[in-house]
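Scroll down for the structure; my scribbles are underneath it.
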Amino acid sequence: MKRRCNSHDYSSRCIYMITLSKAPYAAPFSDIVNAANDRTIRPLVRLLPSGSLISRQLRQIPLEFPDARILQYAIMPDHLHFVIFITRPTDYRLGKLIGRFTGNCTRANNLKPIFEEGYNDRIVRKKGQLDMLIKYVKDNPRRLLIRRLHPELFSSRHTVFLNGSPFMTYGNILLLRHPVKEAVRISSKFTRDELAERKAVWNEAIREQGVLVSPFISAAEKEIRDRAIAEDASVILITNSEFGERFKPSGSLFELCSQGRLLLISAREPVCTSQTVTRADALRMNNLAESICAGLPEQLTARL
């Protein structure tokens with residue numbers, strides 16, 4: 001997902017999170033190991049030669065572009081995240097800065113490309129989003145260790161607490177901590193302008209490889225879900241079904257789960273016996289989706 005946002009001025013004052021992926025034949029950037037001697041997870045990032053090169057070139061960005069500040073970065077084995085603040089309107093677009101950085105890395109690597117072509121940008125638009133992005137970047141090594149040491153987090157049942165109530169989940173619970181989450185709900189009461197505005201928000205979340213959260217009940221909501229999946233975004237699916245001990249998602253959901261791009265959350269009430277989704281069920285599931293996107297309770301944050 002390396003498309004730019006057509007409605008955004010990339011020469012404006014703005015903060016972005018940039019993601020660059022390793023070129024197919026380039027050496028790994030880093031090695032991430034667990035520095036803890038007990039069962040806790042404490043990541044230690046060891047930069048390899050190409051990672052050290054990247055670190056030096058990142059420090060050069062503010063020298064070549066005085067209007068740019070690097071707020072946070074993480075050099076992972078196969079990709080780079082960094083949060084950059086363009087402090088004032090410029091006479092160049094963001095792509096020029098990224099192109100200069102990647103070109104400098106290539107020249108410093110004896111003209112052998114380190115990064116594959118293109119990049120992904122996430123634009124800071126909402127209050128609190130910058131803090132979430134910085135935490136996301138800083139937490140990248142720990143999440144990688146969790147994936148390596150605890151693969152069961154991506155393919156088994158877990159109970160999490162949302163708003164003080166327990167919910168059964170299946171899949172990648174780390175999606176609850178993703179910095180770009182948007183609840184998808186389409187109502188017949190929306191005006192044409194309201195629907196267009198919401199679709200623009202969902203489209204931007206898809207472009208940024210974020211997470212769409214919804215029970216995806218209506219055909220129009222399912223269409224948005226399917227497009228998100230096709231374009232490499234992730235999905236938190238609120239369902240009215242139970243997850244038995246032998247439960248596994250089927251078909252395309254199984255593939256999505258194996259990629260770490262799916263979390264199923266059961267909103268089924270204990271007294272419920274019907275598989276039919278009532279209006280009350282739909283309202284409850286949509287409210288849960290919006291609550292998830294509004295922020296995480298500290299209790300859940302600590303557990304993840």
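Worth pointing out:
- Those lysines that a straight Cα-Cα span of less than 21 Å connects to LYS189, excepting residues fewer than 8 apart in one chain: LYS199, LYS222
- With every protein chain in place, the stretch 187-292: carbon and sulfur % of accessible area (1.4 Å): 51
- In Å², nearest 10: area of CYS14 left accessible to a 1.4 Å probe: 10
- The gain in end-to-end length when the GLN60 to ASN163 segment is fully stretched comes to 32.6 nm, 0.36 nm per residue minus the alpha carbon separation.
- Euclidean distance between Cα centres, the stretch 199-263 to the stretch 109-164, Å: 18
- Rounded to the nearest 20, the Cβ-based charge dipole of the chain about its Cα centre (Lys and Arg +1, Asp and Glu -1) stands at 580 debye.
- Summed over the residues of the chain and divided among them, the accessible surface reaches 53 Å² per residue at a probe radius of 1.4 Å.
- Heavy-atom accessible area ranking, 1.4 Å probe, most first, across ARG261, ARG157, ARG93: ARG93, ARG157, ARG261
- Cα gyration tensor shape of the stretch 1-133, rounded if a/c is under 1.5, else prolate or oblate by comparing a/b with b/c: oblate
- Within the accessible area of the stretch 101-140 (1.4 Å probe), percent carbon and sulfur: 50
- Ordered by solvent-accessible area of protein heavy atoms (1.4 Å probe), largest first, the residues THR169, THR19, THR159, THR40 come out as THR40, THR159, THR19, THR169.
- Rounded to 5, the percent of DSSP beta bridges in the chain classed as antiparallel: 75
- Theoretical gain in end-to-end length, ALA220 to ASP67 [0.36 nm per residue, Cα-Cα removed]: 50.8 nm
- Springs between Cα atoms under 10 Å define the GNM used for the chain, and in it the highest mean-square fluctuation of GLN259, GLN72, GLN209 occurs at GLN259.
The values are calculated or read from the model by the stated rules, or taken from the named source; none is laboratory data. All figures in this text were calculated on a predicted structure; none of them were measured in a lab. So basically every Cβ, Gly included, is an ideal-geometry build from the backbone, and we count neighbours across all protein chains shown. In case anyone asks, the SASA skips ligands and DNA or RNA and just uses the protein heavy atoms, side chains included. Shrake-Rupley method; radii C 1.70, N 1.55, O 1.52, S 1.80 Å.
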